Amino acid sequence: GLTNISAVQTQATLTLYAATGSAIASRTAVVPAGGLLQLNNVISFIRGLSPTQTNNLAGAVVITASQPLVAFATQIDNTSDDPSLQTGRSAGATQLLIPSATSVNQFRSFLVVQNIGSSAAQVRLRQRDTNGGLRGELIVSIPTNGFYSQDDIHASLALSSLFGPLEITSLNSMPLVATSRVYTVNSGTSGFFEGRDVSVASSSGVVPISQDNTAFRTNLGINNLGVTAADVQVNLYSPTGVLLGTTTVNVPAGGLRQLDNVNRTLTGAGGVSNTLGFIRLTSSQPLLGYSTVINN
């Protein structure tokens, strides 16, 4: 999807790159002023093939245009029709964090790291457990315009049955973009964790939605990016701004704390709390927060 946020029609050039950094194909498309252009089966579109053509390849799409665009991709499981959304990035960073990578029970993490720099990137991957302990490390080289991908990143690190933050560092200052698709084996469902730029983390923030009813529940994740343990105040507010509940969570340095059924925890409900709202996090250390809204 390409959204033109300007008042002028623009022509966008889409280039499909292989993992090696070589260009597979390129094609242009016109995006109307203030409008949205959706390109179904985008790999087939760029290659000039029929939309029903099976390509049997994966690649990174780089978009350039004379007007500002907002881009997104919908990766759809062909069996379940489950759509997983990821937004485009206009710039990379040299230090990224995947808030949680997993190999617990039926869950796995598919990692992609793309080099958008001008030369090959030397990239260090570090998997930590929820207490911040280093559990695995891997250094890879990624050519310019290329990417590194693993459908089970923990298997590549010889790890299993754990979850926690995954640190991605460019050792030679080449900017990177990263995403991790969390999926359940044989279920046809998944969701994306985008690599977060560590440099913009702050000591306070808002998680926009937290829901608990008979249809949905919410888990809250809190990453501590600081060098010391952090006491994080967690407040749940209603859509009208009324405080529904509060607690304090201690998160180890470099670690992750996950609060399952967070609305019930914060409100003290013994069962379904029938609450919908947002969460505000406050701490003395830089942190990242996320919510997982789960269909029961």
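The rows are residues; the columns are (1) farther than 17 Å from residue 118 by Cα; (2) at pLDDT 95 or above; (3) in contact with an Asp or Glu (Cβ under 8 Å, 6 or more places away or on another chain).
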| residue | (1), (2), (3) |
| --- | --- |
| 142 | no, yes, no |
| 146 | no, yes, no |
| 158 | yes, yes, no |
| 161 | yes, yes, no |
| 164 | yes, yes, yes |
| 167 | yes, yes, no |
| 171 | no, yes, no |
| 179 | yes, yes, yes |
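For residue 36, indicate whether it is modelled with pLDDT of 95 or more and either surrounded by 13 or more Cβ atoms within 10 Å (Cβ to Cβ) or at negative phi (or both). The answer is yes for residue 36.
The C-beta contact set for the range 59-84 (first residue more than 17 Å from residue 30 (Cα to Cα), second residue among the hydrophobic types (A, V, I, L, M, F, W, C) and open to solvent by 70 Å² or more (accessible area, probe 1.4 Å), distance under 6 angstrom, 6+ apart or interchain) comprises 74/85; 83/76. Taking residue 28, is it touching a residue at least 12 places away in the same chain (Cβ under 8 Å), touching a Ser or Thr at 6+ places or on another chain (Cβ under 6 Å), open to solvent by less than 70 Å² (accessible area, probe 1.4 Å) and within 30 Å of residue 184 (Cα to Cα)? No: the conditions fail for residue 28.
Filtered by the rule that a residue be outside any loop (DSSP other than H, G, I, E, B), closer than 22 Å to residue 196 by Cβ and open to solvent by 40 Å² or more (accessible area, probe 1.4 Å), the range 212-235 gives 231, 233. Residue count for the range 46-79, restricted to those that are over 24 Å from residue 191 (Cα atoms) and outside any loop (DSSP other than H, G, I, E, B): 4. Criterion applied to 242, 182 was being among the β-branched types (Val, Ile, Thr) and within 30 Å of residue 122 (Cα to Cα), and the one residue passing it is 182. Residue 246 falls short on exactly one of the conditions (1) open to solvent by 60 Å² or more (accessible area, probe 1.4 Å); (2) within 20 Å of residue 128 (Cα to Cα); (3) touching a Leu at 6+ places or on another chain (Cβ under 7 Å), and that condition is (2). Of the residues screened, residue 186 is one that is closer than 26 Å to residue 80 by Cα, assigned to a loop (DSSP other than H, G, I, E, B) and not acidic (Asp, Glu). Sub-7 Å Cβ pairs linking a first residue in the range 236-249 that is assigned to a strand (DSSP E or B) to a second residue that is open to solvent by 90 Å² or more (accessible area, probe 1.4 Å), at least 6 apart or interchain, are 237/243; 237/280; 248/231, ordered by first then second residue. Restricting attention to the range 134-171, the residues that are touching a residue at least 40 places away in the same chain (Cβ under 8 Å) and farther than 19 Å from residue 19 by Cα add up to 12.
Against the list (1) assigned to a strand (DSSP E or B); (2) modelled with pLDDT of 95 or more; (3) open to solvent by less than 60 Å² (accessible area, probe 1.4 Å), the condition residue 86 fails is (2).
Quick one: which of 204, 284, 199, 273 is touching a Lys or Arg at 6+ places or on another chain (Cβ under 9 Å) and open to solvent by 50 Å² or more (accessible area, probe 1.4 Å)? Break it down stepwise before answering.
Details: 284 fails: touching a Lys or Arg at 6+ places or on another chain (Cβ under 9 Å); 199 fails: touching a Lys or Arg at 6+ places or on another chain (Cβ under 9 Å); 273 fails: open to solvent by 50 Å² or more (accessible area, probe 1.4 Å).
The unique qualifying residue is 204.
Taking residue 118, is it over 30 Å from residue 231 (Cα atoms) and among the hydroxyl-bearing types (Ser, Thr, Tyr)? In short, yes.
Please state which one of 19, 91 is among the small types (Gly, Ala, Ser), open to solvent by 40 Å² or more (accessible area, probe 1.4 Å), at pLDDT below 95 and part of a loop (DSSP other than H, G, I, E, B).
Working: 19 fails: at pLDDT below 95.
Unique residue meeting the criteria: 91.
The values are calculated or read from the model by the stated rules, or taken from the named source; none is laboratory data. Everything numeric here is computed off the predicted structure, so don't read it as measured data. Ideal geometry is used to build each Cβ from the backbone, glycine not excepted, and the neighbour counts take in all protein chains shown. Ligands, DNA and RNA are stripped out before the accessible areas are found, and what is left, the full protein with its side chains, is counted by its heavy atoms. Shrake-Rupley method; radii C 1.70, N 1.55, O 1.52, S 1.80 Å.
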